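**Student:** Below you'll find the structure I mean.
The values are calculated or read from the model by the stated rules, or taken from the named source; none is laboratory data. A quick note: this is a predicted structure, and the numbers were derived from the prediction, not measured. A quick note on method: Cβ atoms are made from the backbone with ideal geometry, for glycine too, and the neighbour counts reach across all protein chains shown. To get the accessible areas, we keep the full protein, side chains included, count just its heavy atoms, and leave off ligands, DNA and RNA. Shrake-Rupley method; radii C 1.70, N 1.55, O 1.52, S 1.80 Å.
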Amino acid sequence: MLASSDITSLPMATWVYLVLYILTLFVHFVFMAYVLGGGVYLLFSMARTSAPSPSQGEGQGKGPDHEHAAESLTTPTNADPINALLRDWMPFAISAAITAGVAPLLFIQILYQHRFYTANLLLSHRWMAIVPVLIAAFYLAYVVKTGRFERMQRHWRAAILAIVAGCFLFVAWSWTENHLLSLDRARWESFYVESRWVYRSFEVLPRLAMWVALTLAIMPQLVRWQLWAKRERSAHDALSQANRRLNVISLVALIISAALLAFTNIPYVDATKLPGVLQDWVPTQYTVGGIALLLACLGTVASMRGSFTTAKLRPNALSMLALSAYVFAVLKLRELHRIAAVDFAALTPQHETAAQSGGVIVFLIFTLINVVLAGVCIRIARRALKT
Amino acid sequence: MEFQAFPVNEFDPAIKGMVIGGVGIVHVFLAQFAIGGGFLMLFFQWLATTGRNPHARRFLDGYFKVLVLVSFVLGALTGVAMWFTTIQISPRTIGVMVTEYHWIWATEWTFFCLEVVAGYAFYRYGKRLDDKSRFTLLGLYSIAAWFSLFWINGILSWQLTPGGWTTERTVWSGFFNPSFWPSLIFRTITALTIASLVACLVITTMKGVDRAARRSLQNHAAWLLAPMTLMPLLGIWFLAVIPDDSRSWVLGGSAAMTLFMGLALSASLLIGLYALIGLIRTRLFINGATAALLLALAFGATAAGEFVREGVRKPFTIREYLYSNSIRPDEIATLREDGCLSVDPYPLRNADALPDDTLRMGAQVYRMQCSVCHTVAGVNGLTHLTGTWSVEQKRMNIAKLQHTKPFMPPFAGNAAEVEALVQYLSWAHDADSYQTDTINNPVVLSEIQRWLDDAGTEAGIALVSAGKGEH
Ligand code: HEM
């Protein structure tokens, strides 16, 4: 059989699926970061702050306006606009994270079909548990959004937030486990025979921690963007404090995440096992990732220094771009690691078979149409915001 | 051979069909609610804009919240659940589906995204919008939701009636297959029905409107129930396009299938007639209990319909291409030579519970070839089905599996594997009836081999289609 390193080039089909996989996984990560990072943030900010004054629990009783009670918290009286924003947008972000997850889910089934399914089957009930857990988290996130949540006793609120964050952690853990198990071919039979529910490996925890830290680095950048959009309706002091906090969290989390990366298998790619064309990619990702990391940190520090003006909230193009470049570098290394770990040469014929099926033109046409139509929806929504 | 085995999970005492059926029914019901709900809201927005029903707008906002809470959350996640369940039950089936139809799925996904954006924009800002903008958002939401049905319907109907795909192997020859249109219309009508019935229920819970207002809202909602009366016609159309053998199961060949099909159609007809006569002609008001009952009836019809759809595909998950037990017709001959266990690296989970290697071998053959439709002693349990059979009967009926019942695939292993399976089933039924060492008995094996050869490797359904069925 052909070793992967013997193939110098990759078929076009493989490139297409790989690129689409990484691009869509990146989008999934953005929303997922809001969900997981936001969930963790909410839990900890709950632990810090005291119960809100009753005046904040506006919109008493049931009624349609009740739904957006959390939104009203971004009023000047409120101390933590981050908290209010996250609560308000969490249900949508979950929807978006799930929907965005479907696309890489499709492409991974073409790229690594047999391994992905096998890991799913081995984890079995544990894997399927993702679904009810996310349903629970979703409904609880709606509860967290309502005014009723604010009027709950502190320990109830803490319990609900802990469950929500716990659910997201569980899902992240499951994906990490599934990924690692899919690569650990030697363990499959024994895992099956022993009917295990948990994949134990020293790689799981650092990797999970690395992702959680990464979400805590991404989420603040997204929230700053949202605060910027709402800056005119918020108090200056609250914004100033929020901005500083978001930058600190993002910076610290990014550094921790980068440090933790060294304890995962992601950066340790055996380049000799990569197809020829990909062998140079590894050092490139190190370089690009390293520079991006540095720039992201510098950008974040820059938006912290000096006295606060609302302009400081403006999405910092440098940190956003640099952070994105860093995440892409990590995702690419993650993929190179997997390509080197599996018998990739044996998989490319399957990609070519898949590419022979038609429908790609129809896909492109409808992608274009639907992007435009989604733009129409967003324009209508923005108009509503202005009135 | 490129055969790649997967680890097999069992769900005793339930059969896998019940697992996927259960998830499927819930998902289909919710997804259809989301689709029909879009059209219903569009209709009510029109009633509001044109002043035909002064309460329409108020109803809309309440209804939309139900739709979002139920369908955005449960609809989307049960969709993911459907996918994951299919992987659990038949990874090879979903693998083929993804390989063949991923661009269709990717297209469907762009519609999901539009649905989420339009739906969420309406949910968040709908109350502040003018009628025209509301109409646009609801219109886009409905179209996006319906198109997701359009795409998935092509893939699901292809599984039963692959049509031109069998020879051409192109996406579109499979997508626009013979049962595409009847299924699409069938599902669209069901979607409208479910949305309308939920509306009737939601209307009964509305506060601050009088009975006359509620009645007028219900009477408008009921218009979406009227197409239900077409269901029997669609049923006939559907039956006309499905394969002969599948039709024969529904028309008496399988009592359960006939029963379910009858149930689905009569429940649909009942709802349609009730709508026509009660709500539209005599402008009745229906209370919460009745609305809930009608909704339960619709759920029953959906469930029965899904059961039939899943059931009539047997013995295939992809007609003529892949058997339910994940073996392809063109692999049977090789597996008869080499034995099916040659391609399965996974040892048994309960190996220690079995006294010897023959029984372990039998259990493994059972796991690979039978466990997708049977259990050993639970639902559709093999020890019940074969309990009264002599050992020769078992040997013959299993070796000639596709003749025993044409909705089973041909046996895909060698003679020793048949014998191991026979002994395993005997042992599981009654440990004393286990005969050791028959697996090495050349007389037994050559007789089994003769039966295997007699039965051939063709699917049993060919016999039904040719009218040569032994039943
Ligand atoms: C909101 C809850 C979710 C969280 C917190 C989450 C988190 C994660 C994490 C941490 C990873 C990286 C795993 C690793 O490489 O170690 C991941 C990967 C992935 N996620 Fe999600 N996820 C969520 C929901 C979903 C859903 C619902 C889907 C599918 C519909 C999905 C699809 C994917 C896919 C396809 C991958 C790539 C897996 C691989 O390449 O092995 N995610 N997710």
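**Student:** Pairs please, first residue from segment A:12-26 and over 13 Å from A:Val102 (Cα atoms) and in the same structural domain as A:Phe328 (by TED's automatic domain parsing), second anywhere and more than 10 Å from the ligand (Cβ to nearest atom) and open to solvent by less than 40 Å² (accessible area, probe 1.4 Å), Cβ atoms under 6 Å, 6+ apart in sequence or on different chains.
**Tutor:** Pairs that qualify, where the first residue is over 13 Å from A:Val102 (Cα atoms) and in the same structural domain as A:Phe328 (by TED's automatic domain parsing) and the partner is more than 10 Å from the ligand (Cβ to nearest atom) and open to solvent by less than 40 Å² (accessible area, probe 1.4 Å), are A:Ala13/A:His351; A:Thr14/A:Thr348; A:Thr14/A:His351; A:Tyr17/A:Ile110; A:Tyr17/A:His351.
Quick grid of which residues meet (1) open to solvent by 10 Å² or more (accessible area, probe 1.4 Å); (2) within 9 Å of the ligand (Cβ to nearest atom); (3) in the same structural domain as A:Leu261 (by TED's automatic domain parsing); (4) in contact with a Ser or Thr (Cβ under 8 Å, 6 or more places away or on another chain):
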{"position": "A:Val143", "(1), (2), (3), (4)": "yes, no, yes, no"}
{"position": "A:Ala158", "(1), (2), (3), (4)": "yes, no, yes, no"}
{"position": "A:Leu180", "(1), (2), (3), (4)": "no, yes, yes, yes"}
{"position": "A:Ser190", "(1), (2), (3), (4)": "yes, no, yes, no"}
{"position": "A:Val198", "(1), (2), (3), (4)": "yes, no, yes, no"}
{"position": "A:Phe202", "(1), (2), (3), (4)": "yes, no, yes, no"}
{"position": "A:Pro220", "(1), (2), (3), (4)": "no, no, yes, yes"}
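**Student:** Residue pairs, Cβ under 6 Å, 6 or more apart or interchain, first in segment B:433-445 and in the same structural domain as B:Arg395 (by TED's automatic domain parsing), second open to solvent by 40 Å² or more (accessible area, probe 1.4 Å). List them.
**Tutor:** B:Tyr434/B:Trp427
Conditions tested, residue by residue: (1) aliphatic (A, V, I, L, M); (2) farther than 21 Å from B:Glu100 by Cα.
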position	(1), (2)
B:Leu295	yes, yes
B:Gly300	no, yes
B:Ala303	yes, yes
B:Phe307	no, yes
B:Arg313	no, no
B:Ile318	yes, no
B:Tyr321	no, no
B:Ser326	no, no
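**Student:** For B:Gly126, only one of the following conditions fails: (1) facing another protein chain (nearest Cβ under 9 Å); (2) open to solvent by 20 Å² or more (accessible area, probe 1.4 Å). What is its number?
**Tutor:** Unmet condition: (2).
**Student:** Here is a follow-up. Could you please find all residues in segment A:184-198 being within 14 Å of B:Pro347 (Cα to Cα), among the aliphatic types (A, V, I, L, M) and outside any helix (DSSP H, G or I)?
**Tutor:** None - no residue of segment A:184-198 is within 14 Å of B:Pro347 (Cα to Cα), among the aliphatic types (A, V, I, L, M) and outside any helix (DSSP H, G or I), so the list stays empty.
**Student:** Considering only segment B:68-87, state which residues are farther than 30 Å from B:Thr375 by Cβ, at the interface with chain A (Cβ under 7 Å from one of its Cβ atoms) and not aliphatic (A, V, I, L, M).
**Tutor:** Once the filter is applied, which keeps residues that are farther than 30 Å from B:Thr375 by Cβ, at the interface with chain A (Cβ under 7 Å from one of its Cβ atoms) and not aliphatic (A, V, I, L, M), segment B:68-87 yields only B:Phe72.
**Student:** Out of B:Phe11, B:Phe6, which single residue is over 30 Å from B:Leu138 (Cα atoms), of a type in the set (Phe, Trp, Tyr) and in contact with a strand residue (DSSP E or B) (Cβ under 9 Å, 6 or more places away or on another chain)?
**Tutor:** B:Phe11
**Student:** Separate question: Can you tell me which residue in segment A:124-137 is least open to solvent (accessible area, probe 1.4 Å), limited to those that are near the ligand (Cβ under 8 Å from one of its atoms) and facing chain B (nearest Cβ under 8 Å)?
**Tutor:** Result: A:Ile130.
**Student:** Related question: Only residues that are in contact (Cβ under 8 Å) with a residue 40 or more places away in the chain and charged (D, E, K, R): list them for segment A:331-387, please.
**Tutor:** Once the filter is applied, which keeps residues that are in contact (Cβ under 8 Å) with a residue 40 or more places away in the chain and charged (D, E, K, R), segment A:331-387 yields A:Lys332, A:Arg334, A:Glu335, A:Arg338, A:Asp343, A:Glu352.
**Student:** I'm checking my understanding of the structure. Among residues of segment B:387-426 that are charged (D, E, K, R) and in a helix (DSSP H, G or I), which one is surrounded by the fewest Cβ atoms within 10 Å (Cβ to Cβ)?
**Tutor:** Selected residue: B:Glu392.
**Student:** Turning to a different aspect of this structure: Assigned to a helix (DSSP H, G or I), more than 27 Å from the chain's Cα centre (by Cα) and facing chain B (nearest Cβ under 7 Å): which single residue out of A:Thr367, A:Thr348, A:Thr353 fits that description?
**Tutor:** Just one listed residue meets the conditions, A:Thr353.
**Student:** Also, I was wondering about something else. Being more than 16 Å from the ligand (Cβ to nearest atom) and part of a helix (DSSP H, G or I), is that true of even one residue in segment B:74-88?
**Tutor:** Scanning segment B:74-88, I find no residue that is more than 16 Å from the ligand (Cβ to nearest atom) and part of a helix (DSSP H, G or I), so the answer is no.
**Student:** Can you tell me which residue within segment A:12-39, out of those that are within 10 Å of the ligand (Cβ to nearest atom) and of a type in the set (Val, Ile, Thr), is farthest from A:Arg87 (Cα to Cα)?
**Tutor:** A:Ile22
**Student:** In addition: Is there a residue in segment B:351-361 that is within 28 Å of the chain's Cα centre (by Cα) and open to solvent by less than 40 Å² (accessible area, probe 1.4 Å)?
**Tutor:** Taking every residue of segment B:351-361 in turn, none turns out to be within 28 Å of the chain's Cα centre (by Cα) and open to solvent by less than 40 Å² (accessible area, probe 1.4 Å).
**Student:** Right, next: Which of the residues belonging to segment A:160-176 are more than 10 Å from the ligand (Cβ to nearest atom), in contact (Cβ under 8 Å) with a residue 12 or more places away in the chain and surrounded by fewer than 21 Cβ atoms within 10 Å (Cβ to Cβ)?
**Tutor:** A:Ile160, A:Ala162, A:Ile163
Yes or no, residue by residue, for (1) at pLDDT 95 or above; (2) open to solvent by 10 Å² or more (accessible area, probe 1.4 Å); (3) part of a helix (DSSP H, G or I):
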residue	(1), (2), (3)
B:Leu60	no, no, yes
B:Phe72	no, yes, yes
B:Leu114	yes, no, yes
B:Phe122	no, no, yes
B:Ile143	yes, yes, yes
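**Student:** Mind listing whichever residues of segment B:105-123 are closer than 21 Å to B:Thr188 by Cα and more than 7 Å from chain A (Cβ to nearest Cβ)?
**Tutor:** Residues satisfying the conditions are B:Glu108, B:Glu115, B:Gly119.
**Student:** If you check B:Ala34 against the conditions, is it in a loop (DSSP other than H, G, I, E, B), out of contact with any Pro (no Cβ under 9 Å at 6 or more places or on another chain), aliphatic (A, V, I, L, M) and away from every other protein chain (no Cβ under 12 Å)?
**Tutor:** No, not satisfied.
**Student:** List, please: which pairs have Cβ atoms under 6 Å, are six or more places apart or on different chains, and start with a residue in segment B:88-104 that is at the interface with chain A (Cβ under 8 Å from one of its Cβ atoms) and among the charged types (D, E, K, R) and end with one that is open to solvent by 10 Å² or more (accessible area, probe 1.4 Å) and outside any loop (DSSP other than H, G, I, E, B)?
**Tutor:** Taking only residues 6 or more apart or on different chains, not a single pair turns up.
**Student:** Right, another one. How many residues are open to solvent by 10 Å² or more (accessible area, probe 1.4 Å) and away from the ligand (no atom under 12 Å from the Cβ) when one looks only at segment A:93-123?
**Tutor:** Counting residues in segment A:93-123 that are open to solvent by 10 Å² or more (accessible area, probe 1.4 Å) and away from the ligand (no atom under 12 Å from the Cβ) gives 2.
**Student:** Restricting attention to segment B:313-359, which residues are part of a loop (DSSP other than H, G, I, E, B) and hydrophobic (A, V, I, L, M, F, W, C)?
**Tutor:** B:Ile327, B:Leu348, B:Leu354
**Student:** What pairs come out if I take residues in segment B:62-84 that are in the same structural domain as B:Ala191 (by TED's automatic domain parsing) and pair them with residues that are outside any helix (DSSP H, G or I) whose C-beta lies under 8 Å away, six or more apart or interchain?
**Tutor:** Note: pairs meeting the criteria are B:Gly62/B:Met206.
**Student:** Pick from B:Leu184, B:Leu239: which is open to solvent by 10 Å² or more (accessible area, probe 1.4 Å), in the same structural domain as B:Pro54 (by TED's automatic domain parsing) and part of a helix (DSSP H, G or I)?
**Tutor:** B:Leu239
**Student:** Any idea which residue in segment A:318-343 is farthest from A:Val282 (Cα to Cα), counting only those that are under 15 Å from the mean Cα position of the chain (by Cα) and open to solvent by 30 Å² or more (accessible area, probe 1.4 Å)?
**Tutor:** A:Met320
**Student:** Let me ask something additional. Any idea which of B:Phe175, B:Phe147 is closer than 19 Å to B:His27 by Cβ, modelled with pLDDT of 90 or more and within 11 Å of another protein chain (Cβ to nearest Cβ)?
**Tutor:** When all the criteria are applied, what remains is B:Phe147.
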